[in-house]
Amino acid sequence: WIQDFKNRLDQLSKICQNTSDILENPVWIGGLFTPEAYITASRQAVAQKNQWSLEELRLEVAVTDEPGANAFILTGMKLEGAEYSAAGIVLSSSVASPLKAVRLTWVQELRGTKLAQISVTNRVGLPVYLNDDRSDLLFTAELPVDNANIPNVVQQAVAIVAL
(Lines give C-alpha, C1' and ligand atoms only; values in the text may rest on other atoms or scores of the structure.)
Protein backbone atom coordinates (compact mmCIF):
# COMPACT_ATOMS: atom_id res chain seq x y z
CA TRP A 1 0.00 0.00 0.00
CA ILE A 2 2.98 2.29 0.45
CA GLN A 3 3.77 2.28 -3.29
CA ASP A 4 0.11 3.08 -4.05
CA PHE A 5 0.23 5.95 -1.57
CA LYS A 6 3.48 7.24 -3.14
CA ASN A 7 1.89 7.14 -6.61
CA ARG A 8 -1.08 9.12 -5.31
CA LEU A 9 1.19 11.75 -3.78
CA ASP A 10 3.23 12.00 -6.99
CA GLN A 11 0.04 12.66 -8.95
CA LEU A 12 -1.13 15.31 -6.49
CA SER A 13 2.27 16.99 -6.75
CA LYS A 14 1.94 17.16 -10.56
CA ILE A 15 -1.57 18.58 -10.28
CA CYS A 16 -0.43 21.20 -7.76
CA GLN A 17 2.37 22.35 -10.06
CA ASN A 18 -0.18 23.40 -12.69
CA THR A 19 -3.28 24.71 -10.95
CA SER A 20 -4.22 27.17 -13.69
CA ASP A 21 -6.38 24.66 -15.55
CA ILE A 22 -7.41 21.30 -14.12
CA LEU A 23 -8.38 20.11 -17.58
CA GLU A 24 -4.82 20.15 -18.94
CA ASN A 25 -3.28 17.16 -17.17
CA PRO A 26 -4.36 13.53 -17.55
CA VAL A 27 -5.51 12.20 -14.20
CA TRP A 28 -5.37 8.72 -12.72
CA ILE A 29 -8.89 8.80 -11.26
CA GLY A 30 -8.30 5.78 -9.02
CA GLY A 31 -5.38 7.64 -7.45
CA LEU A 32 -7.45 10.55 -6.19
CA PHE A 33 -8.61 10.56 -2.60
CA THR A 34 -12.05 11.91 -3.59
CA PRO A 35 -12.56 11.34 -7.32
CA GLU A 36 -16.18 12.51 -7.16
CA ALA A 37 -14.92 15.94 -6.11
CA TYR A 38 -12.56 16.05 -9.10
CA ILE A 39 -15.40 15.33 -11.52
CA THR A 40 -17.55 17.99 -9.84
CA ALA A 41 -14.65 20.48 -9.96
CA SER A 42 -14.13 19.83 -13.66
CA ARG A 43 -17.80 20.53 -14.30
CA GLN A 44 -17.62 23.75 -12.31
CA ALA A 45 -14.42 24.82 -14.09
CA VAL A 46 -16.02 24.34 -17.53
CA ALA A 47 -19.17 26.18 -16.48
CA GLN A 48 -17.16 29.11 -15.11
CA LYS A 49 -14.77 29.22 -18.10
CA ASN A 50 -17.67 29.36 -20.59
CA GLN A 51 -20.11 31.28 -18.38
CA TRP A 52 -22.63 28.43 -18.60
CA SER A 53 -25.09 27.33 -15.95
CA LEU A 54 -24.23 24.04 -14.23
CA GLU A 55 -27.72 22.78 -15.06
CA GLU A 56 -27.01 23.17 -18.79
CA LEU A 57 -24.04 20.76 -18.77
CA ARG A 58 -24.05 17.07 -19.55
CA LEU A 59 -21.18 14.62 -19.67
CA GLU A 60 -20.02 12.93 -22.88
CA VAL A 61 -17.54 10.06 -22.69
CA ALA A 62 -15.13 8.74 -25.33
CA VAL A 63 -12.39 6.14 -25.17
CA THR A 64 -9.48 8.22 -26.50
CA ASP A 65 -6.50 10.19 -25.28
CA GLU A 66 -7.10 13.02 -27.77
CA PRO A 67 -7.63 16.33 -25.97
CA GLY A 68 -10.66 18.45 -26.68
CA ALA A 69 -12.35 21.66 -25.63
CA ASN A 70 -13.95 21.42 -22.19
CA ALA A 71 -12.56 17.91 -21.82
CA PHE A 72 -10.27 16.09 -19.44
CA ILE A 73 -8.48 12.77 -19.72
CA LEU A 74 -8.70 9.95 -17.20
CA THR A 75 -6.11 7.18 -17.13
CA GLY A 76 -5.83 3.89 -15.26
CA MET A 77 -9.17 2.39 -16.20
CA LYS A 78 -10.26 -1.03 -17.46
CA LEU A 79 -13.33 -2.42 -19.18
CA GLU A 80 -14.68 -5.52 -17.42
CA GLY A 81 -16.58 -8.13 -19.41
CA ALA A 82 -15.77 -6.70 -22.84
CA GLU A 83 -13.13 -5.07 -25.01
CA TYR A 84 -13.14 -1.71 -26.75
CA SER A 85 -12.42 -1.40 -30.48
CA ALA A 86 -12.77 1.40 -33.02
CA ALA A 87 -16.38 0.29 -33.49
CA GLY A 88 -17.12 0.45 -29.77
CA ILE A 89 -17.83 -2.18 -27.15
CA VAL A 90 -17.24 -5.76 -28.24
CA LEU A 91 -18.20 -8.64 -25.96
CA SER A 92 -15.24 -10.77 -24.99
CA SER A 93 -14.38 -13.82 -22.93
CA SER A 94 -11.59 -11.88 -21.22
CA VAL A 95 -12.32 -10.78 -17.68
CA ALA A 96 -10.98 -7.26 -18.20
CA SER A 97 -9.17 -5.22 -20.81
CA PRO A 98 -7.23 -2.01 -20.13
CA LEU A 99 -8.41 1.27 -21.60
CA LYS A 100 -5.63 3.57 -22.78
CA ALA A 101 -7.51 6.67 -21.70
CA VAL A 102 -11.04 7.97 -21.28
CA ARG A 103 -11.97 11.52 -22.28
CA LEU A 104 -14.78 13.20 -20.41
CA THR A 105 -16.23 16.29 -22.08
CA TRP A 106 -18.71 18.68 -20.57
CA VAL A 107 -21.06 19.97 -23.27
CA GLN A 108 -23.83 22.52 -23.10
CA GLU A 109 -27.29 21.11 -23.78
CA LEU A 110 -29.27 22.88 -26.43
CA ARG A 111 -31.98 25.04 -24.98
CA GLY A 112 -35.31 23.23 -24.78
CA THR A 113 -33.71 19.83 -25.35
CA LYS A 114 -34.12 17.34 -22.57
CA LEU A 115 -31.35 14.82 -22.01
CA ALA A 116 -33.85 11.99 -22.50
CA GLN A 117 -34.64 13.30 -26.00
CA ILE A 118 -31.03 13.12 -27.18
CA SER A 119 -30.48 10.20 -29.52
CA VAL A 120 -28.63 7.33 -27.90
CA THR A 121 -28.97 4.93 -30.84
CA ASN A 122 -26.15 2.39 -30.85
CA ARG A 123 -25.06 3.42 -27.38
CA VAL A 124 -25.31 1.76 -23.99
CA GLY A 125 -24.92 3.25 -20.53
CA LEU A 126 -22.06 1.65 -18.62
CA PRO A 127 -21.45 2.27 -14.93
CA VAL A 128 -18.02 3.64 -14.06
CA TYR A 129 -16.85 2.41 -10.66
CA LEU A 130 -14.00 3.54 -8.44
CA ASN A 131 -12.85 0.03 -7.55
CA ASP A 132 -13.15 -3.68 -8.34
CA ASP A 133 -15.82 -4.40 -5.76
CA ARG A 134 -18.12 -1.98 -7.64
CA SER A 135 -19.30 -0.34 -4.45
CA ASP A 136 -18.57 3.28 -5.46
CA LEU A 137 -20.33 4.46 -8.63
CA LEU A 138 -18.67 7.56 -10.10
CA PHE A 139 -20.88 8.21 -13.13
CA THR A 140 -22.45 6.49 -16.13
CA ALA A 141 -20.77 6.51 -19.54
CA GLU A 142 -22.73 6.24 -22.79
CA LEU A 143 -20.51 4.31 -25.21
CA PRO A 144 -21.08 2.95 -28.73
CA VAL A 145 -22.13 -0.66 -29.22
CA ASP A 146 -23.89 -2.67 -31.90
CA ASN A 147 -27.66 -2.46 -31.19
CA ALA A 148 -27.96 -6.25 -31.33
CA ASN A 149 -25.46 -6.55 -28.48
CA ILE A 150 -27.06 -4.07 -26.06
CA PRO A 151 -29.04 -6.73 -24.13
CA ASN A 152 -25.93 -8.94 -23.92
CA VAL A 153 -23.77 -6.07 -22.66
CA VAL A 154 -26.29 -5.47 -19.88
CA GLN A 155 -26.61 -9.19 -19.05
CA GLN A 156 -22.84 -9.61 -18.91
CA ALA A 157 -22.64 -6.69 -16.43
CA VAL A 158 -20.04 -4.85 -18.50
CA ALA A 159 -18.60 -1.90 -16.59
CA ILE A 160 -15.64 0.45 -16.48
CA VAL A 161 -13.52 0.23 -13.34
CA ALA A 162 -10.69 2.46 -12.13
CA LEU A 163 -7.43 0.73 -11.32
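Run the simple label-point estimate for E109 and N7 please: 7 Å along Cα→C-beta, distance reported in nm.
Those two pseudo-labels are separated by 3.7 nm.
For a quick check of understanding: with a 1.4 angstrom probe and all protein chains in place, what accessible area in square angstrom does E142 have, to the nearest ten?
70
I'd like the Karplus ³J(HN,Hα) series for the range 52-68: coefficients 6.51, -1.76, 1.60, θ = phi - 60°, whole numbers in Hz, and an x wherever there's a Gly or Pro.
9, 6, 4, 5, 7, 9, 9, 9, 10, 10, 9, 8, 6, 9, 6, x, x
I want to check the label-to-label distance for L59 and L137. Put each point 7 Å from Cα in the C-beta direction and report it in nm to one decimal.
Between L59 and L137, the label points sit 1.1 nm apart.
Would you rank S135, S94 by solvent-accessible area, highest first, keeping every protein chain in place and using a 1.4 Å probe?
From most exposed to least exposed: S135, S94.
If I take every Cα pair under 8 Å that is 6 or more residues apart in the chain, average their sequence separation and divide by the length, what percent do I get for the relative contact order?
Relative CO of the chain lands at 23 percent.
So what are the ³J(HN,Hα) numbers for the range 12-18, from phi and the Karplus equation (6.51, -1.76, 1.60; θ = phi - 60°), rounded to whole Hz, Gly and Pro as x?
Along the range 12-18, the couplings run 4, 4, 5, 5, 5, 6, 10 Hz.
Dipole of the chain, Cα-centred, from +1 at each Lys and Arg C-beta and -1 at each Asp and Glu C-beta, to the nearest 20 debye?
180
Can you compute the helix-only [θ] at 222 nm over the chain? Use -39500 (n - 2.57) per DSSP H run of at least 4 residues, normalise by all residues, nearest 500 deg cm²/dmol.
It lands at -7500 deg cm²/dmol.
In sequence order, what are the phi-derived ³J(HN,Hα) couplings for the range 124-134 according to the Karplus relation 6.51 cos²θ - 1.76 cosθ + 1.60 with θ = phi - 60°, rounded to whole Hz, with x for glycine and proline?
The phi angles translate into 9, x, 10, x, 10, 9, 6, 8, 4, 7, 6 Hz.
Quick one: which residues, 5 or more positions from L57 or on another chain, have an amide H under 5 Å from its amide H? H modelled 1.01 Å from N in the peptide plane, none for Pro or chain starts.
E109
Under the rule of at least 5 residues apart or a separate chain, name every residue whose amide H is placed under 5 Å from the amide H of E142.
V61, L126
Please report the net charge: other residues with Cβ closer than 14 Å to the Cβ of R103, K and R +1, D and E -1.
For residues surrounding R103, the net value is -4.
For L99, list long-range residues whose amide hydrogen, built 1.01 Å from N in the peptide plane, is under 5 Å from its own amide hydrogen.
Sorted by chain and number, the residues that satisfy this are M77, K78, L79.
State, to one decimal in nm, how far the label point of N18 lies from the label point of L91, with both points 7 Å from Cα in the Cβ direction.
With each label placed 7 Å out from Cα toward Cβ, I get 4.1 nm.
Over the alpha-carbon set of the chain, work out the extent along each principal axis and list the three values in angstrom, largest first.
47, 46, 27
Along the charge dipole of the range 1-56, Cβ charges K/R +1 and D/E -1, which of I2, S53, N18 sits furthest on the positive end?
In the range 1-56, that residue is I2.
The values are calculated or read from the model by the stated rules, or taken from the named source; none is laboratory data. Quantities reported herein were computed from a predicted structural model and do not represent experimental measurements. Please note: Cβ atoms are built from the backbone with ideal geometry, for glycine as well, and neighbour counts cover all protein chains shown. The accessibility values were calculated without ligands, DNA or RNA, using every heavy atom of the protein model including side chains. Shrake-Rupley method; radii C 1.70, N 1.55, O 1.52, S 1.80 Å.
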